[in-house]
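The values are calculated or read from the model by the stated rules, or taken from the named source; none is laboratory data. If you're wondering where the values come from, they're calculated on a predicted model, not measured in any experiment. No Cβ is skipped: glycine too gets one built from the backbone with ideal geometry, and neighbour counts run over all protein chains shown. Side chains included, ligands, DNA and RNA excluded: accessible areas come from the protein's heavy atoms. Shrake-Rupley method; radii C 1.70, N 1.55, O 1.52, S 1.80 Å.
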Amino acid sequence: MALFDRNQKQRSSLCSTATVVVFVALCLVGLWMISSPETIPAAAANVSEKPDVVAVKEEDSSLDATNNVKQNSANAAADEAAAAAAADEDDNPAKPAAGEKAAAAAASSKDQTFDDENGRTEGGALVKPENGGGDEASSDVKEIGSLEQAAIDMKDTTEQSVGDTTKEAGVVQDKSSEEITTAASDARESGDGGGGGGGGGAAKNKQTFDDENGKLDGVNLVKDVENKTMSEEGAKPLPEETTTVSSKNSIVAASAMSDEKLSDNGEQAQPVEALPNGQAELLTERAAQNGSFTTQAAESIKEKKKRAEKKKKKKKKKVKAASAAAAAEEDDGGGGGAASLGWKLCNTSAGADYIPCLDNEAAIKKLKTTAHYEHRERHCPASPPTCLVPSPEGYRDPIRWPRSRDKIWYHNVPHSELAAYKGHQNWVKVSGEHLTFPGGGTQFKHGALHYIELIQSSFPEVAWGRRSRVALDVGCGVASFGGYLFDHDVLTMSLAPKDEHEAQVQFALERGIPAISAVMGTRRLPFPSNVFDAVHCARCRVPWHIEGGMLLLELNRLLRPGGFFVWSATPVYQELPEDVEIWGEMVKLTKAMCWEMVSKTSDTVDQVGLVTFRKPADNANITLRACMHWVPTDPSVRGSRWPERWPERMEKTPYWLNSSQVGVYGKPAPEDFVADQEHWRKVVRNSYLTGMGIDWKTVRNVMDMRAVYGGFAAALRDMSVWVMNVVTINSPDTLPVIYERGLFGIYHDWCESFSTYPRSYDLLHADHLFSKLKSRCEVLPVIVEVDRILRPNGKLIVRDNKETVDEIKGLVRSLQWEVRMTVSKNREAMLCARKTTWRPTEVEAR
C-alpha cells in the first residue's frame, strides 16, 4: 500500500503540471484570436476564391507549357508582392493603401494575353484593362478584409512555388530560347531605360510568338508605306540599327514601350497583328527527306561529275574569311560591316545588267562554235562573284501592277534601241521619262488581247484559264502575250535569250510579267517533262525544222499529253519558197511525232496566220515505231490524264500521289501535300500578310527560293503577285507537283547565278535553303546573288536554323540592309530584311 501511495502521488503531480500547461496554451490561443478577429474570415475568403481561379485555368488548358510556366510564375510573384505589401502595411499603419495596391498588382499580373489557334487574345483576363484594374481589386479587398494573415499563411508556399517555378522556367529556357528583334529598338530601349518599369514590364509580359497562327502581341513592327520604312507611329523614319532583347520565360521585343503611343488622330494606335503564341512546329524544320522523290542532281550524270570535281577543289579562302568577318562583325553589334567585308562594285562590260552565268566573256571566247546559240547558254564562272552590281543612275521604285504592264520608268531600264527597232510593231515606245508598251508584238501589232482571242476562237478546246492554265512562251519579246494572258487567268513562263533583242526580258520583269533569260540551244530547258498545258511561238526565231526536229522534240518533252503547240510564223501563211520548204518539213516532223494539226487559221486584222498542234493524249491508233514517247496508260501514273480544271487543280492532291509513297516530310505523300498546303496557308494568312510590316501593294514579282509542293505560292493566290517556284537540284523533285497545281517553277542550283537580270524581284522567300547549301557552297556568294536579283527596297524572308540566320543577318547588315525583324525559337529562326539603295563606291579591279 505504501508503494501504491507513493506512485499515486507522483502521478497526480504530473497531471497537475500538464493541466497548467494546457490552460496557459488555451489562454494564449484565446488572446490571439481576440486580437485577430478577421483572420478566419480572410482565410475562408481565400479558400472560396480558389474555384474561380481553377475555372480560368481549365478554360486555358489548351495553352502550351511555356504559357503555364509564365502564368504560374507571374501568380507566384504577385502573391509574394502582396505579402511584402501586407508586411509593410503592418509596420506602417499610416499607409493603409499598400495592401490594396498589392491586391491590384496581383490581379493585374494575372491579366495575360493568350492566343489560341484562331487568334483569340482575350484568354484568362481576371481584371479588364478598361476598368484600370483598380476598382475590382479594391472591391475584392473590401470583401476579403485584411490580407495579412493570408500572406503569412501563404509565405512558405509562395517561396517554394517561386523556387520550383524558377527551376522549371530554367528548363524551358534551355529547351525554348525565344527572341524578337525589331527596328528602332535602340531608341525605344533607351526610353525604357532598360529597367522595365511599370508600363514597360506590362508590355513585355504580353509578348507571344506563333508563326502559323499569327500574332506577335506587343511588338511594334516596322511598316511599309509606299516602300518607305516608318515606325508604328507613322511619323518617324526608323534608325538603321536594331537590338535583340531576350527574356527567360517570354519573348521580349526591343520595341516595347513603357508608355502607350497615340495615333495622329489622338486615338490609341492598334498593335500590328503578327505572329501568335503556341505552336513550335512553325519555326521548327519538319524532318525533310527525299521520300519517294528523286532529285535532279541524282538523275544527271553530268551533274555528278561536276559535283565530284567541286569536291576536289579547295574552298576559297577569300569566301571563308569574308564569312568569318561577317560573323565577327555581327558579334560586335553590326558596326562597320561594309569596311570589314570590303564590298566593291562589279567591273564588267554588262554594267548594271550583269548576269554572271550569261556574261562570262572569258568562257564565251573559248567556244568552238556558236551555231546553236551556245554563246547564249549558261557559262558560270568557276568562282561565283562576290562583287555588287551597280544600279542605273536615276533608278526609282517600280510602277505598280497593273499600270506597270503599260509603262515603266525609263531610267530603271535605260535602253531605247528596241523602241527604235520594234516601235512600229508596238513592242515598246519612249515617252518622256517612261517606256510605254502598247501591247503589240511582231505577229499581233494590234494588241495581244485580239491575238489571244483569235487562238481561242480558232480552237475552243484551248479554253484559256480553265483547261489551259500554265503556258510557255518561247522567244517572248517584251512578254506582252504573257502579260495579257493574266486577264484570262493563265500563268505564262516567258523566255528569251539575253541580248538578241536588247533587254527584252528585263523589260518584261520590270513590267511585272514572269520571264527568264534562256535559249533553245544544245541543252534542255530547266523544266520538268509533261508539265505545260500549252506552248506558244510567235516568230520566235527558233529553227524547229532543222537537224531532225531536235528542238521540236524538246517541246514534245515539255508538253503534257494532250497539250497544244500554237505556232504563228511566216511559213504558216506565206508562199515564199523558203517558207514553203519550212512548212513542208514541219508537217513531216509533227506527223512523225504523232502530233495532230487541230486548227489552222488566218487573221485579217494583223494579216498573219497561226496553226495549233496537239500532242497525243493516249496511244489510240498510234504505233510505237512512229512515235517518240509512249503515253502512260496506267491511271495512277503521271501524264495519263489531264489535271483538274483551274482553279480546282490548285488545292487538289495530284492523282498520281498515293499513300504508298513517302512524302518530303515523312508522311504518306497525299497527307504530306495537304499538311504542307495547310501549313503555308496559315503562315501566309496570319503572319506574312498582316504581321511582317510589308506593304503588299508594292509586291508583284515573288520568288520561293526553295519550294517543295508550292504551298507558299498557293497561299498567295488571291494576291496580285506571281511566284517563281525554285526546286533546287539536290532537293526532292517535286516540281511536277507544282505544275500539276496550275503553278510554275524552275530547276536551279543556288551555288550558281540565277538566269535573270539584276533588280528583278520584289520579295525573296527562303525556307531552310541556306543551311542545306552549306555542304555544297558558301553562304556569302548566295547572299550576293540575292542582293543582285532583289530590287532596292525589296524584302528577304529567311527561315532557317538560328546559326544560319545569324550569319545571314550579319551579311545583310554589312550590305547596309535594314534588318526589320528576327525571331528565334527552339534553335530555329526567321528574319525579315529590306534591301536599301546603298551601293559601294569602290570598283573592283579586272
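Key figures for this structure:
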| read-out | value |
| --- | --- |
| Qualifying positions in region 714-752 - among the small types (Gly, Ala, Ser) and open to solvent by less than 10 Å² (accessible area, probe 1.4 Å) | Gly742, Gly745 |
| Every pair of residues 6+ apart whose Cβ atoms lie under 8 Å, when the first sits in region 691-704 and is within 20 Å of Arg403 (Cα to Cα) and of a type in the set (Ser, Thr, Tyr) while the second is open to solvent by 10 Å² or more (accessible area, probe 1.4 Å) and in a loop (DSSP other than H, G, I, E, B) | Thr698/Glu226; Thr698/Asn227; Thr698/Asp397; Thr698/Arg400 |
| Filter result for Gln425 (in contact with a strand residue (DSSP E or B) (Cβ under 6 Å, 6 or more places away or on another chain), in contact (Cβ under 8 Å) with a residue 12 or more places away in the chain and surrounded by 15 or more Cβ atoms within 10 Å (Cβ to Cβ)) | no |
| Test: residue in region 615-625 that is buried (at least 19 other Cβ atoms within 10 Å of the Cβ) and either closer than 20 Å to Val723 by Cβ or touching a residue at least 60 places away in the same chain (Cβ under 8 Å) (or both) | no |
| Test: residue in region 480-498 that is within 19 Å of Ser755 (Cβ to Cβ), out of contact with any Pro (no Cβ under 8 Å at 6 or more places or on another chain) and of a type in the set (Ser, Thr, Tyr) | no |
| Matching residues in region 472-497 - criterion: being open to solvent by 20 Å² or more (accessible area, probe 1.4 Å) and assigned to a loop (DSSP other than H, G, I, E, B) | Gly475, Asp489, Pro497 |
| Residue within region 796-810 that is part of a loop (DSSP other than H, G, I, E, B) and either open to solvent by less than 10 Å² (accessible area, probe 1.4 Å) or outside the structural domain of Val470 (by the TED database) (or both) present | no |
| Checking Gly334 against (1) open to solvent by less than 30 Å² (accessible area, probe 1.4 Å); (2) part of a loop (DSSP other than H, G, I, E, B); (3) farther than 30 Å from Ile738 by Cα; (4) modelled with pLDDT of 95 or more, the condition it does not meet | (4) |
| Segments classed as helices (runs of 4 or more DSSP H), wholly inside region 532-599, with at least 1 members that are at pLDDT 95 or above and under 30 Å from Arg638 (Cβ atoms) | 550-558, 577-592 |
| Pairs, first over 16 Å from Ala496 (Cα atoms) and outside the structural domain of Pro543 (by the TED database) in region 350-374, second open to solvent by 60 Å² or more (accessible area, probe 1.4 Å) and polar (S, T, N, Q), C-beta under 8 Å, six or more apart | Glu361/Ser349 |
| Checking Arg396 against (1) within 26 Å of Tyr410 (Cβ to Cβ); (2) within 28 Å of the chain's Cα centre (by Cα); (3) crowded, with 19+ Cβ neighbours inside 10 Å, the condition it does not meet | (3) |
| Test: residue in region 487-495 that is closer than 27 Å to Thr294 by Cα, hydrophobic (A, V, I, L, M, F, W, C) and modelled with pLDDT under 95 | no |
| Breaking point among (1) surrounded by fewer than 21 Cβ atoms within 10 Å (Cβ to Cβ); (2) part of a helix (DSSP H, G or I), for Leu780 | (1) |
| Qualifying residue in region 399-407 (condition: at positive phi and surrounded by 15 or more Cβ atoms within 10 Å (Cβ to Cβ)) | no |
| Selected residue [surrounded by fewer than 18 Cβ atoms within 10 Å (Cβ to Cβ), aromatic (Phe, Trp, Tyr) and under 39 Å from the mean Cα position of the chain (by Cα)] from Trp656, Trp646, Trp642 | Trp642 |
| Residue match in region 668-683 (condition: hydrophobic (A, V, I, L, M, F, W, C) and in a loop (DSSP other than H, G, I, E, B)) | no |
| Residue within region 453-467 that is part of a strand (DSSP E or B), of a type in the set (A, V, I, L, M, F, W, C) and without any contact (Cβ under 8 Å) to a residue 60 or more places away in the chain present | yes |
| Test result for Val683, under 26 Å from Ile516 (Cβ atoms) and either buried (at least 17 other Cβ atoms within 10 Å of the Cβ) or at pLDDT below 95 (or both) | no |
| Options Arg799, Arg776, Arg813; residue that is among the basic types (Lys, Arg) and either within 24 Å of Lys498 (Cβ to Cβ) or in contact with a Gly (Cβ under 6 Å, 6 or more places away or on another chain) (or both) | Arg813 |
| Of the criteria (1) open to solvent by less than 50 Å² (accessible area, probe 1.4 Å); (2) of a type in the set (Lys, Arg); (3) over 17 Å from His536 (Cβ atoms), which one Arg557 fails | (3) |
| Flag for Glu585 being open to solvent by 60 Å² or more (accessible area, probe 1.4 Å) and touching a residue at least 40 places away in the same chain (Cβ under 8 Å) | yes |
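Residue-by-condition table, conditions (1) farther than 30 Å from Gly439 by Cα; (2) in a loop (DSSP other than H, G, I, E, B):
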site	(1), (2)
Ala362	yes, no
Lys368	yes, yes
Cys380	yes, yes
Ser383	yes, yes
Thr386	yes, yes
Arg396	no, yes
Arg400	no, yes
